[in-house]
1. Return the residues of segment 123-150 that are within 6 Å of the ligand (Cβ to nearest atom) and acidic (Asp, Glu); say none if nothing qualifies.
2. Residues of segment 124-161 being within 21 Å of ALA172 (Cα to Cα) and over 17 Å from the mean Cα position of the chain (by Cα), which ones?
3. Scanning for something open to solvent by 40 Å² or more (accessible area, probe 1.4 Å) and part of a helix (DSSP H, G or I), does segment 95-102 turn up at least one residue?
4. Quick one: which residue in LEU84, LEU121, LEU167 is over 14 Å from the mean Cα position of the chain (by Cα) and assigned to a loop (DSSP other than H, G, I, E, B)?
5. For segment 130-145, state whether one or more residues are touching a Phe, Trp or Tyr at 6+ places or on another chain (Cβ under 9 Å) and farther than 29 Å from ARG83 by Cα.
6. Could you say which residue among GLN64, GLN76, GLN113 is away from the ligand (no atom under 11 Å from the Cβ), open to solvent by 50 Å² or more (accessible area, probe 1.4 Å), at pLDDT below 95 and of a type outside the set (A, V, I, L, M, F, W, C)?
Amino acid sequence: RALAPSRGPHVVITAGPTREALDPVRYLSNHSSGKMGYALAAAAVAQGARVTLISGPVGLPTPQGVTRIDVESAVQMHTEALRLAPDAALFIGCAAVADYRSASPAEHKLKKQEDSDTLTLTLIKNPDIIAEVAALPADSRPLVVGFAAETQQIERYAADKLARKNLDMIVANDVSQAGLGFGSDENAALLLWRTATGIEQRSEPPQPKTQLAQGIVRQALTLLSV
Ligand code: C5P
């Protein structure tokens, strides 16, 4: 059954990994499954939002009612995010964006070199997509929610990232906990958000990503309404 077009706030979400080409047949990437971002998209639709999902390459079906834009590289994701963000009320950066890309992707397949046992790749920094969205002028800046995967001092690093990237809210997870996070169906998180007087936080216990996503979207939409 088709969902009626929503009149709710426009929510733009990035999800999944990015792929950074080395040559026409090889790339650098990471193990992001996209599950958390897709769960956020489904949760936002369920809570009445109009949702655009900017997705890196993942093997997941598009949630009902979601407009999906497929990208491969961080540069492509950056282009789509900056095109759509000024129209959004809420931007959630859940993608595991590669920090670097090849400085000069080869036009033809790289050949194995017979005269050397080493190969040196030069990488250059990718744009920080969420930081650029958060730096948009006030009249076109959505509320911005980021993610932080940490292995220690979760709260401190998350608060640092919230400030450094000028985010409104951050979802921090402890990726050192077995069975949670990357590739898993479950996750736990610490939510930190700005208020007029400082930072508030809430700890979400281990739970299915679909359920955690509902709590994150609910908190973000609450911030949007204050
Ligand atoms: O700095 P770090 O990669 O830990 O920050 C994670 C957050 O920043 C996530 O919300 C991620 O989607 C976003 N990010 C981004 N563009 C990048 C790197 C990270 O939007 N190039």
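1. Selection gives ASP128 alone.
2. Correct list: THR151, GLN152, GLN153, ILE154, GLU155, ARG156, TYR157, ALA159, ASP160.
3. Just the residues of segment 95-102 that are open to solvent by 40 Å² or more (accessible area, probe 1.4 Å), to begin with: 97, 99-101.
In the following step, the residues that additionally are part of a helix (DSSP H, G or I) were identified as none.
Checked against the condition, which is being open to solvent by 40 Å² or more (accessible area, probe 1.4 Å) and part of a helix (DSSP H, G or I), segment 95-102 yields no hits at all.
4. Numbers: LEU84 fails: assigned to a loop (DSSP other than H, G, I, E, B); LEU167 fails: over 14 Å from the mean Cα position of the chain (by Cα).
Sole residue among the options that is over 14 Å from the mean Cα position of the chain (by Cα) and assigned to a loop (DSSP other than H, G, I, E, B): LEU121.
5. No; the residues of segment 130-145 include none that is touching a Phe, Trp or Tyr at 6+ places or on another chain (Cβ under 9 Å) and farther than 29 Å from ARG83 by Cα.
6. Working: GLN64 fails: at pLDDT below 95; GLN76 fails: at pLDDT below 95.
Among GLN64, GLN76, GLN113, only GLN113 is away from the ligand (no atom under 11 Å from the Cβ), open to solvent by 50 Å² or more (accessible area, probe 1.4 Å), at pLDDT below 95 and of a type outside the set (A, V, I, L, M, F, W, C).
The values are calculated or read from the model by the stated rules, or taken from the named source; none is laboratory data. In this text the structure is predicted, and so the values were computed from the model without any measurement. As a convention, Cβ positions derive from the backbone with ideal geometry for all residues, glycine included, and neighbour counts pool all protein chains shown. Just so you know, the surface numbers come from the protein's heavy atoms only, side chains and all, with ligands and any DNA or RNA stripped out. Shrake-Rupley method; radii C 1.70, N 1.55, O 1.52, S 1.80 Å.
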